[in-house]
Each structure stands twice: as structure tokens, then as C-alpha cells.
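Below you'll find the structure, written out as C-alpha cells, and then a few comments.
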Amino acid sequence: MTSNVIETERLRLRYWESRDREPFARTNGDPRVMEFFPALLTREESDRLVDRIEAHFLRHGFGLYALELPERQEFIGFAGLSVPSFQAPFTPCVEIGWRLAAEHWGRGLATEAARAVVGLAFDSLGLESLVSFTVPANVRSRRVMEKIAMTHDPGDDFDHPSLPEGHALRRHVLYRLSRAARDRGAESSS
């Protein structure tokens, strides 16, 4: 299992606690946050998602960390790694992802958390590559992907197999980041 706490300048990424479930359910019920997901989540669905996140940590040794502002010990969302459960041309793989409460958008917190997760993935876990994906219209998430040096090849875009034909959110863009590309970028900026 990976470290149970990752600290950044403004954030703490940690294992989930029971007190996270209520604010996470609020986040998952916010139409702004869930705009690019098929539906808002009920409290029960949100709690089941936390259960799956916790089980993922046990199964894989890494997962989606609860994200908090340490000075206030305030839960604001998640950031971390997951193994997608669906089949696609790019699976098996490890996905980097994040979800923040809307009141914390626009401050660079998702990018800060994602950079810490990239470091975990490549430096601690020894992974060779990461993917991330979203619908084409999700400009906020795409900007985070680009800020952490992920690249998009339109030839990799795909129809999400969990969504039915004709669904407005079925088409997804795929971004990639390899450890070698991250290391090359770090060398050129130093």
C-alpha cells in the first residue's frame, strides 16, 4: 500500500475517513461538478463509490485519495489513481483523476493535486504511463491534463463503453503521460 498521506503546498491527500462521506455526497449531487457525468449521485450511490474507492486501495495498493485543505481539515474532493474496469483499446492502464467541490475551482488545486499524484505514480509506484479521459467539452479537466504535461492524440479518442450508443457523453478524449516524457520535461525545465 502507498503512503497514507501526501502533502503539497496547500493540500493533503489522504485515505478516506467516515467524515468525508457527507461532503462528498454534496459534491456528487452538485450539477456543476457532475455536468460531464451521466447523472447526479444520490447519497447512497456516493457512499457506494467511496466503498469502491476504499476497496481499490486494498486491491491495488493505490487509489483515489481524499483531498483536504489541511489548515481547516476541510474535505474538498479527491485526486489519485485508478484502474478502469471497462475494456477499451488503451486498457489495461492506470488512470489519473480528480473531482473537486465547485467552490474550490479556479485556484489551481486540481493541478497541484494532480502533480503530486504524477510524482507518486512514477517515483514511488514505478508506473511507466498514465492516462486520463473526459468528454471533449470538459475544458476544465482538459486544462489540468495539459498543465501536468499530458498529451492528446485525436486518434486515441473513444466511445465510452459504459454509455449507450447515441448518449451525449459517450465520446471521450484520451490524454497520456509516460514517465519518460515527464522526465524529459523535467530535464528541459531545469
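The values are calculated or read from the model by the stated rules, or taken from the named source; none is laboratory data. Because the structure is a prediction, the values reported are computed rather than measured. Ideal geometry is used to build each Cβ from the backbone, glycine not excepted, and the neighbour counts take in all protein chains shown. These accessible areas exclude ligands, DNA and RNA; they are computed on the full protein's heavy atoms, side chains included. Shrake-Rupley method; radii C 1.70, N 1.55, O 1.52, S 1.80 Å.
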Problem - Pairs with Cβ under 7 Å, 6+ apart, first in segment 139-153 and in a loop (DSSP other than H, G, I, E, B), second hydrophobic (A, V, I, L, M, F, W, C) - result: 148/114; 148/118; 148/177; 149/177; 149/181; 150/177
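Listed here are the residues, each with its yes/no results for (1) within 15 Å of the chain's Cα centre (by Cα); (2) open to solvent by 80 Å² or more (accessible area, probe 1.4 Å); (3) under 23 Å from residue 116 (Cα atoms).
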{"residue": "5", "(1), (2), (3)": "no, no, yes"}
{"residue": "15", "(1), (2), (3)": "yes, no, yes"}
{"residue": "18", "(1), (2), (3)": "no, yes, no"}
{"residue": "30", "(1), (2), (3)": "no, no, no"}
{"residue": "36", "(1), (2), (3)": "yes, no, no"}
{"residue": "41", "(1), (2), (3)": "no, no, no"}
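So, in segment 34-87, of the ones that are in a loop (DSSP other than H, G, I, E, B) and of a type in the set (A, V, I, L, M), which residue ends up nearest to residue 135 (Cα to Cα)?
From segment 34-87, those in a loop (DSSP other than H, G, I, E, B) are 34-42, 61-63, 70-73, 83-87; that's our starting set.
Remaining after also requiring of a type in the set (A, V, I, L, M): 34, 39-41, 83.
Values: 34: 12, 39: 14, 40: 16, 41: 18, 83: 18 Å.
Filtering first and then ranking leaves 34.
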Practice task
Tell me, yes or no, whether segment 52-75 has at least one residue that is open to solvent by 40 Å² or more (accessible area, probe 1.4 Å) and aromatic (Phe, Trp, Tyr).
Solution key: no
Handout entry: Count of residues meeting criterion [touching a residue at least 24 places away in the same chain (Cβ under 8 Å), under 24 Å from residue 28 (Cα atoms) and part of a loop (DSSP other than H, G, I, E, B)] in segment 88-122
Key = 3
Exercise for the section: Could you list, in sequence order, all residues of segment 95-105 that are open to solvent by 20 Å² or more (accessible area, probe 1.4 Å) and either among the polar types (S, T, N, Q) or in contact with a helix residue (DSSP H, G or I) (Cβ under 9 Å, 6 or more places away or on another chain) (or both)? Expected result: 98, 99, 105
Handout entry: Scope segment 169-190; condition assigned to a helix (DSSP H, G or I) and open to solvent by less than 90 Å² (accessible area, probe 1.4 Å); matching residues
Key = 179, 180, 181, 182, 183, 185, 186
Fill in the blank from the handout: Checked segment 147-168 for anything open to solvent by 30 Å² or more (accessible area, probe 1.4 Å), closer than 19 Å to residue 90 by Cα and out of contact with any helix residue (DSSP H, G or I) (no Cβ under 9 Å at 6 or more places or on another chain); matches are 153, 154, 155, 156, 157, 159, 161, 162
